[in-house]
Amino acid sequence: MTYGHPARTPAPRIRLRRTGLAGLLVVLLAALVAALGHREPPSSPARPSSTAAPADDHRAGRDGALGEAGGAVPAGATVFDGGLPGVANLDPALLAAVRRAATDAANAGVRFVVNGGWRSPAYEDQLRREAVATYGSEQEAARWVATGTTSAHVSGDAVDLGPAAATAWLSAHGAAYGLCPVYANEPWHYELRPQAVGGGCPAMYPDPTHDPRMQR
């Protein structure tokens, strides 16, 4: 008797196909997960590495009205930095008095730093706009910053000095040089009052809004 071979069925082939398809899906899923896992997060806006002094943020325009050309002074400037317009354009008598005082103060271990000197009208007006934004109103801003038409800085008749050790020294000795604080709320703001050498400094205004010069 002849025995025939058992008929073959396609089942193993189907299982192989299904197994191969499942393996392919696993590979694709793994690749997708890897790609998503290594994707960089969305970039955020760059943050400045440091914060510069306000005056350093002003760039000179075509007319040089802002920036150092307009009177902005870099951090650490002194009354002897004659290459800075903010220092060089001060009233000569005021500058001479401040330099004499700074020299004597240095002998006592006190260093004068110029935080503000001569300013162009455009730079002063820029500072006024910033003060309005900071304090929320023209009225409050006027207590701290004058305008380009009224400021003693624009005429070269005022200098803002620091640090606290310098203003403390000037509070005790400034009158001998004719250097007087003008506003009670701004102990750093000094102007030349020659009569103070013999009679002492006049009474200070509470703030610039009480100064008749600011009413022009």
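A few notes on this one:
- Potential lengthening between residue 133 and residue 209 on full extension [0.36 nm per residue; Cα-Cα distance subtracted]: 25.6 nm
- Note on 110, 145: ascending count of other Cβ atoms within 10 Å places them as 110, 145, the fewest first.
- Förster radius 25 Å - calculated FRET efficiency between residue 103 and residue 75, Cβ distance, rounded to 0.05: 0.70
Every read-out reported here was derived from the displayed coordinates using simple, explicitly stated rules and does not represent laboratory data. Quantities reported herein were computed from a predicted structural model and do not represent experimental measurements. Backbone-built Cβ (ideal geometry, glycine too); neighbour counts: all protein chains shown.
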